[in-house]
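The structure appears below as structure tokens.
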Amino acid sequence: MLPVEKHSFPPIWLVLVLLALTAFSFAKPVTVHAQDEPEAAAPAAGADAPEETKAEGHKPKSTLWWIIETSGLIGAFLLLVSIYFVGLVVQLFMELRAPVVAPPEVMEKCEALLAKRDFNGIYKVAKDSACELGQLIATGMTALSFGFDHAREAIDRQSEEITVEMEKRISMLAVIGTLGPLIGLLGTLKGMIASFSVIALSDTQLKASEVAGGISEALLLTFEGVGLSVPAIYFFAVFKNRVSSLSVQTMNAADDFIFRVHTMAHKKAPTEPAA
């Protein structure tokens, strides 16, 4: 059975707690102050102002809804990528585990058959198993007829192929970690263009809300892109180390088992005592 790998990264629950705290920080509603037109005269302070005019001055607006409106299509695309990212991380945590890569029951069956010197049974069990350890044992059993050195080389080549296949599964994490800031930069450029276009094309007095809207969009999309990139890079490093550890441990387990098969095959079968 393979030993449980250890990593020097912070625990996953700490990252999830930090993300949850960041999400809850946007829970407070904000108050949007309506800006009067320059030609309109300010209403006199007192009880003469109607209730409807007072209500229009302060419009409470949820920060979450403001984020959705400001993010736009780029924010919706980042949200879809985030959902895919969460699903991919969960899938990788389920697949890249020692009990999945090298199931203990497969090794137990092979050990029991080795004790009985049933080499054909070992090959059949390893061949029928879809795990990486079974593939390595089957490859070693096939090449063992040409010698133990040839079997060890075959296991090394097969292990490299398995490692490449594992790294393909985690490659999308690196892609997400790289594209997150770039998508945020696209939103930054879009927001800054919108803000400066208001300044350039306006012939009258500017409104602060119109200029600040583009700047808010630029900063918000940059934050969303970086917020997606940071956990993607973190989990890519986690799974990169896990793939390296699992591949080395699985190859060593298969190599050790093939060596014992080679030793058992060259031993003389015990003879029954004469009556």
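Pairs of Cα atoms under 8 Å, at least six residues apart: use those to get the relative contact order of segment 135-174, whole percent. Walk me through the intermediate numbers first.
Numbers: 20 pairs, mean separation 13.8, N = 40.
Value for segment 135-174: 35 percent.
This ranking places M166, M172 by how few other beta-carbon atoms lie within 10 Å of each, fewest first, which gives M172, M166.
Can you tell me, using C-alpha contacts under 8 Å and at least 6 residues apart, the relative contact order of segment 189-234 as a whole percent?
Working: 26 pairs, mean separation 20.0, N = 46.
Over segment 189-234, the number comes to 44 percent.
Given contacts defined as C-alpha pairs under 8 Å and at least six residues apart, what's the relative contact order of segment 77-186, whole-number percent?
Values: 67 pairs, mean separation 23.9, N = 110.
The value is 22 percent.
Would you mind checking K127/K267; K190/K240; K127/K168 for any pair whose Cα atoms are more than 29 angstrom apart? Over 29 Å Cα-Cα: K190/K240. Across segment 135-143, coupling constants 3J(HN,Hα) worked out from phi with the 6.51/-1.76/1.60 Karplus curve, θ = phi - 60°, read 5, 5, 5, 5, 5, x, 5, 5, 7 Hz, and Gly and Pro carry x.
If neighbour count is taken as other Cβ atoms inside 10 Å, put C110, C131 in order from fewest to most. Mind dumping the intermediate values first?
Details: C110 25, C131 18.
The fewest-first ordering by Cβ neighbours comes to C131, C110.
With a simple spin-label model that places each label point 7 Å from the Cα along the Cα-to-Cβ direction, the separation between F93 and V211 comes to 4.6 nm.
Using θ = phi - 60° in the Karplus curve 6.51 cos²θ - 1.76 cosθ + 1.60, the 3J(HN,Hα) couplings for segment 187-198 round to x, 4, 5, 4, x, 5, 4, 5, 5, 6, 5, 5 Hz; x is entered for Gly and Pro.
Qualifying trypsin sites (Lys or Arg not before Pro) in segment 155-221, where qualification requires a DSSP coil assignment and no more than 16 other C-beta atoms within 10 Å, comprise K207. Would you kindly calculate the translational diffusion coefficient of segment 66-183, applying Stokes-Einstein with the Kirkwood radius from alpha carbon pairs, for 10 °C and a viscosity of 1.306 mPa s, and quote it in µm² s⁻¹ without decimals? In µm²/s, the coefficient rounds to 92.
I'd like the distance separating the alpha-carbon centroids of segment 62-113 and segment 168-200, in whole Å. The distance from the Cα centre of segment 62-113 to that of segment 168-200 comes to 23 Å. Note that segment 145-161 has calculated 3J(HN,Hα) couplings of 5, 9, x, 5, 4, 5, 5, 5, 5, 5, 5, 5, 5, 5, 5, 5, 5 Hz, one per residue in order, obtained from phi through the Karplus relation 6.51 cos²θ - 1.76 cosθ + 1.60 (θ = phi - 60°); glycine and proline are x.
Please list the three semi-axes, largest first and in whole Å, of the ellipsoid equivalent to segment 173-270, using sqrt of 5 times the eigenvalues of its alpha carbon gyration tensor.
Values: eigenvalues 795, 14, 5 Å².
Largest first, segment 173-270 gives 63, 8, 5 Å.
Read-outs: derived from the displayed coordinates by stated rules, not from any lab. Every value quoted in this text rests on a predicted model; they were computed, and no experiment measured them. For neighbour counting, all protein chains shown are included, and Cβ atoms are generated from backbone atoms with ideal geometry for every residue, glycine included.
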